[in-house]
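K.L.:
Take a look at the following structure, please.
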Amino acid sequence: DPRSFKLLGHISDDGLTANMRIDCSFEVGMTKGPRRVEVELAFSGTKAGKPVTWRSQWQPASIEAGPEWQRYTYSNLLPSDIYQWKNITCTVSMSPFVADQLYLHPKEAQRAQMTVRDLRIEVSPSGIPSGEFQWVLH
């Protein structure tokens, strides 16, 4: 989609274990006044030869962007079976407008702009033992 910023990166499946953690941070700014923008992270791969995709239940996230740089961080646990996945990719999609804007005010949405810098995504062990757990506090 030419109106969205989309990045795709491959994740090495060496060293993956159950309960891996994802940490994402970036700075976002706009050339004009404040507005809501959307950010979404998705992990895809194959498990037992079948395609699988995971998106956080918190995604897409609508965040505030304005003329000044604003730093955002996001953390979550990846699926507990990710160590069984192969050919893993992480896709980051950023849109300078929320989805409804494209239908309610298409001309305004098409003119929207956003800038992103210092995007960092890290996958690491969470330190949580494998097995069942009810909830996790980050």
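K.L.:
Could you check how many residues of the stretch 29-42 are closer than 15 Å to Ile121 by Cβ and over 11 Å from the mean Cα position of the chain (by Cα)?
P.N.:
The total comes to 0.
K.L.:
Scan (1) farther than 24 Å from Pro125 by Cα; (2) part of a loop (DSSP other than H, G, I, E, B); (3) open to solvent by less than 30 Å² (accessible area, probe 1.4 Å) for the single condition Ala18 breaks and write down its number.
P.N.:
Here Ala18 clears every test but (1).
K.L.:
Still on this model: Hey, could you check the stretch 43-66 for residues that are at pLDDT 90 or above and of a type in the set (Gly, Ala, Ser) and say which is nearest to the chain's Cα centre (by Cα)?
P.N.:
Ser44
K.L.:
If we only count strands (runs of 3 or more DSSP E) wholly inside the stretch 32-99, which ones have 2 or more residues that are more than 22 Å from Gln110 (Cβ to Cβ)?
P.N.:
So the answer is 35-47, 50-55, 70-77, 86-95.
K.L.:
Something else now. Tell me whether the stretch 123-137 contains one or more residues that are open to solvent by 20 Å² or more (accessible area, probe 1.4 Å), part of a loop (DSSP other than H, G, I, E, B) and modelled with pLDDT of 85 or more. Reasoning before the result, please.
P.N.:
Our first condition is that a residue be open to solvent by 20 Å² or more (accessible area, probe 1.4 Å); within the stretch 123-137, this holds for 123-137.
Next, only the ones that are part of a loop (DSSP other than H, G, I, E, B) stay: 126-137.
If we keep only those that are modelled with pLDDT of 85 or more as well, we get none.
Scanning the stretch 123-137, I find no residue that is open to solvent by 20 Å² or more (accessible area, probe 1.4 Å), part of a loop (DSSP other than H, G, I, E, B) and modelled with pLDDT of 85 or more, so the answer is no.
Listed here are the residues, each with its yes/no results for (1) surrounded by 13 or more Cβ atoms within 10 Å (Cβ to Cβ); (2) in contact (Cβ under 8 Å) with a residue 40 or more places away in the chain; (3) over 30 Å from Asn19 (Cα atoms).
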| site | (1), (2), (3) |
| --- | --- |
| Gln84 | yes, no, no |
| Ile88 | yes, yes, no |
| Thr91 | yes, yes, no |
| Ala109 | yes, yes, yes |
| Ala112 | yes, yes, yes |
| Arg120 | no, yes, no |
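The values are calculated or read from the model by the stated rules, or taken from the named source; none is laboratory data. Note that the structure is a prediction, hence the values are computed from the model and not measured. Ideal geometry is used to build each Cβ from the backbone, glycine not excepted, and the neighbour counts take in all protein chains shown. Ligands, DNA and RNA are stripped out before the accessible areas are found, and what is left, the full protein with its side chains, is counted by its heavy atoms. Shrake-Rupley method; radii C 1.70, N 1.55, O 1.52, S 1.80 Å.
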